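Read the structure below first, then the notes.
Please treat every number below as a calculation from the coordinates, not as lab data. A quick note: this is a predicted structure, and the numbers were derived from the prediction, not measured. Please note: Cβ atoms are built from the backbone with ideal geometry, for glycine as well, and neighbour counts cover all protein chains shown.
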Amino acid sequence: MPRELATTARILPFDRRERSAAWWLCAPTAVLMLALLVVPTLAVLALSFTDAELGVREFSFLGLDAYRDLFTDRAFLGAFRNTAIYVALVAPASVVLGLVLALLIEAEVSGKAFFRSVYFLPVVSLTVAMASVWQYLMHPSFGPMNLVLKAVGLPGVNWLGSSDNVLIALALIGIWQAVGFNMVLFLAGLTAINRDLYAAAEMDGVRSGWSRFWTVTWPMLGPTTLFVVTITMINAVKVFETVATLTQGGPSKASEVLLYTIYKEGFVYLHIGVASAMAIVFVGVLLVLLLVQTKVLEKQVHYS
Amino acid sequence: MKPALVLRNLVKSFGTQGILNEISLDVAPGEFIALVGPSGCGKSTLLKVVAGLERADAGDVVLDGADVTDMRAADRDMAMVFQSYALYPHLTVRQNIALPLAMRRLNGFERLPLIGALKASTRAKRTAIMRDVERTAEALRITELLDRKPAEMSGGQRQRVALGRAVVRRPKAFLMDEPLSNLDAALRVHMRAEIVSLHREAGVVTLYVTHDQEEALGMADRVAVMIGGKILQIATPEAIYHDPNHMNVAGFIGSPKINFLPGSITHNGGVTHAGRLLKSGLNGPERKVTLGIRPEHLRLHTDASQHAIPLHLNRLEFLGSEVIAHLTDPSDGSRLIARLQPDEARDLTHRSALYASASSEHVLVFESDGTRVQASRIPQQETASHAA
Amino acid sequence: MTRRTVSLTRFVRLGLLALGAAIIVFPYVFMLSASLKPPEDVFSASLSLWPQHLAAYENFSKALTRIPMLRILFNGALVCSVIVIFQILFALPAAYALAKLRFPGRGLLFGLVMLGLLVPIHAISIPLYAAAQISGLLNTLAVLIVPFTLSVFAMFLFRQFIKAMPDELIHAARMDGLSESAIVWRIILPNAWPAASAFAIFSVVAHWNDLYWPLITISKTQLATPPLGLLFFRSAEVGDDYGALMAATLIVTLPLIVFFLFAQRLFIEGVTMTGLKG
């Protein structure tokens with residue numbers, strides 16, 4: 001029996017049916033959202049204003065002092081700084097490399113699928129596992145990386161054991177892992193560019209590959225580039241597995257990053273109040289990154 | 001007069017599939033040639049070869065006396081208008097139209113956004129470019145759109161910008177690849193006139209690709225019908241329509257499609273269909289042929305005569321200014337179409353058995369291989385078994 | 001522009017790509033090589049890939065026995081698959097409602113989805129952990145699965161995808177008498193297959209890799225997932241037994257790589273799609 005014959009504005013049985021069906025469909029999700037998202041978020045927010053500890057009954061309400069203490073805590077600021085350095089090392093390099101690789105692979109006629117898969121391997125490899133492999137590679141005395149350096153006459157580097165180098169070492173691993181993912185995203189963006197634009201550019205007198213890139217490719221990749229940059233930065237801020245596996249924040253807190261600090265404060269030292277405040281700041285950082293992306297998107301990157 | 005554009009024996013295949021099959025064409029200066037054919041016949045490929053965006057496997061392209069076959073597209077000084085307009089989405093209309101001029105008149109350094117403007121000579125060049133852009137925009141009536149981006153405009157406006165980009169350069173030839181197929185019917189008719197007037201004003205060769213035969217007939221000085229990678233016929237629109245040299249040309253041009261009937265040439269040069277004599281004066285042996293009669297040339301009436309074909313009326317379609325009659329030929333069950341004036345049709349409504357006549361010159365005769373039989377012309381193949 | 005011969009540009013391009021590929025593959029090569037070497041070979045600081053003495057048996061058996069490796073791999077596979085099934089089970093109907101149905105509270109629900117996208121699981125791990133501890137769910141497989149059954153990313157992705165599906169499809173189904181729930185599972189799911197498989201891949205890779213949550217909720221080796229298991233292995237081994245460690249990493253990394261090699265297009269299309277919709 002057809003039910004599509006609503007002709008007036010009053011709520012007909014059809015609308016009621018649609019509404020109740022929708023509620024039933026959403027009910028499980030709504031419950032989960034409440035239990036797994038809303039309540040925990042509020043809880044973290046509440047905890048962040050306290051000095052609660054797991055296992056200790058009493059706690060006091062600190063209010064905004066909790067955050068003030070946090071921003072004067074040298075260890076936390078250190079974690080902030082380390083994470084920023086890590087992101088500054090990983091993000092630009094993996095985005096640029098991803099783009100370069102995508103351009104090279106796009107232009108390549110026959111080896112496309114092969115190279116695409118090879119570069120994508122790190123993305124599907126277990127992070128903890130590959131971190132362990134890199135630990136072996138970066139071993140100061142018998143790790144292949146130093147062996148190769150010594151073979152060409154350069155001195156070996158104390159990759160993970162020196163507080164000056166550890167962030168660079170971790171960044172190398174991060175870049176190695178992220179490049180393939182970015183490459184695939186850029187490839188998708190490149191193939192979506194209307195081929196006629198390149199033909200039009202040729203007719204207009206755009207001759208060199210360099211001009212072609214700046215006249216057509218780069219502007220048309222705008223949305224993709226923005227997306228890749230944002231995703232890369234967000235993933236870099238969330239770095240955890242490599243630190244937890246290889247350095248545990250050391251040597252001397254040189255590789256202590258935000259998530260690792262949150263983990264230690266909350267689950268090793270059990271200071272869940274402090275950890276919650278840190279978590280809120282962490283979310284704040286991510287929020288800022290996402291907001292910047294949205295703003296830039298609205299302003300100039302959006303063409304139809 | 002020397003031709004402005006010469007295509008000589010162009011051949012191209014993609015893998016094992018042949019796309020262009022020895023295409024040759026001479027275009028006189030200032031001529032508008034419409035390249036028309038069904039989808040997949042190779043006309044877009046031909047255009048790209050002429051532009052230099054694709055290379056032919058063999059053959060030459062000569063523009064204004066110079067062999068450009070080995071030149072890349074950017075050096076050939078031709079302009080192209082694309083079906084998808086291919087406007088740079090991130091640039092304004094002004095910048096879109098200015099780009100071809102900037103690429104040609106400014107070098108890499110001068111093109112840089114801020115630094116380039118430091119030299120006075122560069123600034124002068126840029127001002128000259130902008131003047132040309134504004135002049136072109138005025139001619140195309142898009143001046144108020146100059147600071148908009150393509151996404152903010154309608155299809156028709158975008159097409160005019162694309163035309164502006166092509167016209168501003170004053171190239172040696174215009175190449176257009178189905179530029180109007182993405183527009184709605186009313187706009188298309190209007191833009192056709194604009195394109196033709198742009199062409200006249202520029203005074204250079206235009207090669208216009210379309211699958212719409214009406215468009216081709218209406219715009220071109222000469223129409224080239226391309227089917228299966230070959231140019232079957234190139235002639236004025238009237239000649240293409242009334243004097244096609246091949247069945248495929250006759251079948252492709254004209255809407256509604258031409259009626260094809262089986263027929264024979266008798267031993268005394270008469271042309272018959274189902275025993276009715278429709279035409280006479282042809283030469284050659286007795287043989288089977290195909291007759292072509294355009295719907296508007298079929299006159300329907302009720303007088304049975306030796307020269308009229310009996311037909312059965314299925315249905316009349318009233319289209320306002322004319323009436324389409326759907327008919328069946330009882331001799332072989334095939335469907336035919338006739339175009340009538342409304343008052344002609346009024347007398348026919350209640351009759352289902354009719355007769356159709358056509359005057360002799362409107363009966364086109366085609367050999368079994370598709371070539372046209374002209375009056376007093378002997379067909380190429382004379383088989384021994386058909387002794388006269 | 002259409003020369004078929006190997007030009008200089010192509011040579012340089014292939015060269016660069018090959019160089020990059022070598023750098024990418026370099027860890028895997030040495031992982032494999034070290035997994036076959038006994039400790040003396042590893043310490044010998046030579047770049048040779050083939051070991052002097054083949055110690056594959058020792059390394060791999062240590063990897064498989066020091067910790068219950070196979071059990072751990074099984075845990076990972078089980079947890080990831082169950083998570084994906086529940087994620088789609090809960091997200092798809094809600095996404096359909098968000099995309100195609102009108103009801104009060106739709107805006108609120110979508111707002112919560114956006115909120116969920118902003119808040120990473122790490123941030124709310126503390127209260128979730130506390131809840132798990134109180135309800136005695138620590139050190140169970142359930143605690144590894146339950147918090148992830150809600151996937152706002154799935155809801156977002158499916159909603160975008162379903163929104164693009166023509167309304168007529170659903171109208172036709174309704175006229176055929178299907179209930180809304182039937183529409184979700186019989187009409188939407190088959191047609192949303194690209195989005196669903198893309199999401200499934202994304203989810204499996206993410207959860208297979210997750211160290212944070214298992215680290216804080218699981219302490220029994222028996223219940224570990226591969227990342228945690230590997231961490232346990234690292235602390236269980238004596239000294240710098242890199243050979244055994246490389247063997248362990250090889251075993252743990254192999255499943256997903258094999259899966260990837262067989263379903264390459266699926267993976268890459270999946271990443272592409274999540275990227276385009278994101």
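Region B:1-43 and region B:161-223 have Cα centres spaced 17 Å apart. Taking each DSSP H run with n ≥ 4 as -39500 (n - 2.57) and averaging over every residue of chain B yields -7500 deg cm²/dmol at 222 nm.
Taking 13 Å as the straight-line reach from the Cα of residue B:279, the aspartates and glutamates in range (excluding those fewer than 8 positions away in the same chain) are B:361. With Cα atoms as the point set, the radius of gyration and Dmax of region C:1-148 evaluate to 25.7, 72 Å.
For chain B, the membrane-span-like helices by this rule, meaning whole DSSP H stretches whose C-alpha atoms cover at least 20 Å of axis and whose Kyte-Doolittle mean is -1.0 or above, are B:120-139, B:185-202; this says nothing about an actual membrane.
Among the chymotrypsin sites (Phe, Trp or Tyr not before Pro) in region C:70-166, none is located in a DSSP loop while being surrounded by at most 15 other Cβ atoms within 10 Å of its own Cβ. Fewest neighbouring Cβ atoms within 10 Å first, the residues B:332, B:243, C:241 line up as B:332, B:243, C:241. When chymotrypsin sites (Phe, Trp or Tyr not before Pro) are flagged only if DSSP places them in a loop and at most 14 other Cβ atoms lie within 10 Å, the longest unflagged stretch of chain A comes out as A:60-268. Scalar couplings 3J(HN,Hα) for region B:247-264, obtained by applying the Karplus form with A = 6.51, B = -1.76, C = 1.60 to θ = phi - 60°, are 4, 5, 5, 4, x, 7, 8, x, 9, x, 5, 4, 7, 10, 10, x, x, 9 Hz; x denotes Gly and Pro.
What is region A:65-301 by shape, rounded, prolate or oblate, if you read a ≥ b ≥ c off the alpha carbon gyration tensor as root eigenvalues and call it rounded for a/c under 1.5, prolate for a/b larger than b/c, and oblate otherwise? Please report the intermediate quantities before stating the final value.
On the way: a/c = 2.66, a/b = 1.44, b/c = 1.85.
Oblate is the answer for region A:65-301, as a/c is 1.5 or above yet b/c matches or exceeds a/b.
Approximating the spin labels as points 7 Å out from Cα along Cα→Cβ, the residue B:267-to-residue A:39 distance works out to 10.5 nm. Here is the list for region B:301-366: trypsin sites (Lys or Arg not before Pro) lying in DSSP coil, each with at most 16 other C-beta atoms within 10 angstrom of its C-beta, are B:351. Each Cα pair under 8 Å and six or more residues apart adds its separation to the average, and for chain B the resulting relative contact order is 15 percent. Between the amide H of residue B:68 and those of B:61, B:62, B:63, distances stay under 5 Å, these residues lying 5 or more places away or on another chain, with hydrogens modeled in the peptide plane. For residue B:48, the lysines whose Cα comes closer than 18 Å to its Cα, not counting residues fewer than 8 places off in the same chain, are B:12, B:172, B:230. Roughly how many Å is it from the Cα centre of region B:243-311 to that of region A:104-169, as a whole number? So the separation of the two Cα centres works out to 80 Å. Ranked by how many other Cβ atoms sit within 10 Å of their own Cβ, fewest first, the residues A:126, C:36 fall in the order C:36, A:126.
Distance between the C-alpha centres of region B:333-354 and region A:49-98: 88 Å, rounded to the whole angstrom.
Among the trypsin sites (Lys or Arg not before Pro) in region A:54-120, those placed in a DSSP loop whose Cβ has at most 14 other Cβ atoms within 10 Å are A:57. Between residue B:120 and residue C:140, the distance separating the two model label sites (each 7 Å from Cα on the Cα→Cβ line) works out to 8.6 nm.
Rounded to two decimals, what is the ratio between the C-alpha radius of gyration of the protein assembly as shown and 2.2 N^0.38 Å?
Values: Rg = 37.2 Å, N = 970, 2.2 N^0.38 = 30.0 Å.
Ratio of Rg to 2.2 N^0.38 Å for the protein assembly as shown: 1.24.
The fewest-to-most ranking of B:190, C:122 by surrounding Cβ atoms within 10 Å reads B:190, C:122.
Note on residue C:100: lysines with a C-alpha under 20 Å away, same-chain residues under 8 apart excluded, are C:163, C:277. On the beta carbon distance between residue B:243 and residue A:69, with R0 = 60 Å, the FRET formula returns roughly 0.05.
Taken along its three principal axes, the alpha carbon spread of region B:245-333 comes to 45, 32, 21 Å, from the longest extent down to the shortest. Using the Karplus relation 6.51 cos²θ - 1.76 cosθ + 1.60 with θ = phi - 60°, the per-residue 3J(HN,Hα) values for region A:274-279 come to 4, 4, 5, 4, 4, 4 Hz, with x marking Gly and Pro. Plainly put, region A:64-163 has a radius of gyration that is 1.12 times its Kirkwood radius, both from alpha-carbon atoms, as the Rg/Rh ratio.
Could you calculate the FRET efficiency of residue A:288 with residue C:193 from 1/(1 + (r/R0)^6), where r is the beta carbon distance between them and R0 is 45 Å, rounded to 0.05? It comes to 0.80. For region B:43-119, the gyration tensor built on C-alpha atoms gives an oblate shape. Its axis ratio a/c (a ≥ b ≥ c) is at least 1.5, and a/b is not larger than b/c.
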